[in-house]
Amino acid sequence: MEYHIDYTDRQIIAELHRNARKSYLQIAKDLKISNSLVHQRINKLREAGVISDPSIRLDPKKLGMECCAFVNITVESGRKVNDVVKKLKAIDEVVECHFMSGQFTLLVKIFAKDSDNLSDILLDQISIIEGVAATETNIAFRTAIDRGVAIGE
């Protein structure tokens, strides 16, 4: 089911994007619409899957995760990809996994305590997964842009 996002939805989403903790009442006041309309629209956006469950964002560095790396993974065959992904899900330091086109099968984002911890994750956990043929790791020095998907108003 495709949900048509209208002007009011876009305004509400933009307000939530700027401040996800903003109350529905404050959004209604700022947009000069009723509080019940904001509730109805947000509920519809959730039901349609446009808005997912709210969550908090943690700062990895404040949690002692000083090393961010992107790991390209080549999987031996397409039949083993789902098993590899299942094993990757069990590794706490893996925070994202994307199916890729091109030379590599998967792109994984990892937060590790330091380079030694990253090395342990790569050698002792990822490279031993059955079906992983090769990995290529890129370490991120810092993040220049980190934001969610924006929606025009």
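What follows draws every value from the coordinates through simple rules; no lab data is involved. All figures in this text were calculated on a predicted structure; none of them were measured in a lab. Heads up, the Cβs are rebuilt from the backbone with ideal geometry, glycines too, and the neighbour counts pull from every protein chain shown.
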Pop out the ³J(HN,Hα) list for region 126-140 in order, Karplus 6.51 cos²θ - 1.76 cosθ + 1.60 with θ = phi - 60°, rounded to Hz; leave Gly and Pro as x. 7, 5, 8, 5, 4, x, 6, 8, 7, 9, 9, 10, 10, 9, 8
Tell me the label-point distance for the pair LEU123, GLU2, using the 7 Å Cα-to-Cβ offset, in nm and rounded to one decimal. 5.1
Straight distance only, please: which lysines reach the Cα of LYS61 with their own Cα at less than 18 Å, same-chain residues fewer than 8 apart left out? LYS109, LYS113
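Take the Cα pairs of region 40-107, get the Kirkwood Rh, then feed it into Stokes-Einstein at 20 °C and 1.002 mPa s and tell me D in µm²/s. Intermediate results must be reported in sequence, preceding the final value.
Details: Rh = 15.0 Å.
For these conditions, the coefficient is 143 µm²/s.
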Given unit charges at Cβ for Lys, Arg (+) and Asp, Glu (-), the dipole magnitude of region 7-47 about its Cα centre in debye, nearest 20, is 80
By the mean-Cβ-within-10 Å protection proxy, highest first, 81-92, 65-76 rank as 65-76, 81-92
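How would you classify region 60-140 from its alpha-carbon gyration tensor, with a ≥ b ≥ c the square roots of the eigenvalues: rounded for a/c under 1.5, else prolate if a/b is greater than b/c, otherwise oblate? List each step's numbers first, then the result.
Details: a/c = 1.98, a/b = 1.78, b/c = 1.11.
Taking the square roots of the gyration eigenvalues as a ≥ b ≥ c, region 60-140 is prolate.
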Using θ = phi - 60° and Karplus 6.51 cos²θ - 1.76 cosθ + 1.60, couplings along region 39-55 (whole Hz; Gly, Pro as x): 4, 4, 5, 5, 4, 5, 5, 5, 4, 7, x, 5, 9, 8, 4, x, 8
On the formula 1/(1 + (r/R0)^6), with r taken between the Cβ atoms of PHE141 and PHE99 and R0 of 22 Å, the FRET efficiency rounded to 0.05 is 0.25
Percent of Cα-Cα distances greater than 18 Å, calculated over the chain: 66
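I need the calculated FRET efficiency for the pair ALA133 and SER34, taking r as the beta carbon distance and R₀ as 41 Å, to the nearest 0.05. It would help to have the intermediate numbers written out before the result.
Working: r = 57 Å, r/R0 = 1.39.
It comes to 0.10.
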Projected onto the charge dipole of the chain (+1 at Lys/Arg Cβ, -1 at Asp/Glu Cβ, origin at the Cα centre), which of LEU25, ILE145, ILE13 gives the Cα projection farthest towards the positive end? LEU25
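Working out 0.36 nm times the residue gap between PHE70 and ALA20, then minus their Cα-Cα distance, what length gain in nm do you get to one decimal? Each step should come with its number before you reach the end.
Working: separation 50, 0.36 × 50 = 18.00 nm, distance 2.77 nm.
15.2 nm is the gain from fully extending PHE70 to ALA20.
Can you tell me the length gained on complete extension of the stretch LYS44 to ALA150, counting 0.36 nm per residue apart and subtracting the Cα distance? Intermediate values should be presented prior to the final figure.
Details: separation 106, 0.36 × 106 = 38.16 nm, distance 1.87 nm.
Fully extending the segment from LYS44 to ALA150 adds 36.3 nm.
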Going from the alpha-carbon gyration tensor of region 7-47, what semi-axes, largest first and in whole Å, does one get by taking the root of 5 times each eigenvalue? 13, 12, 9
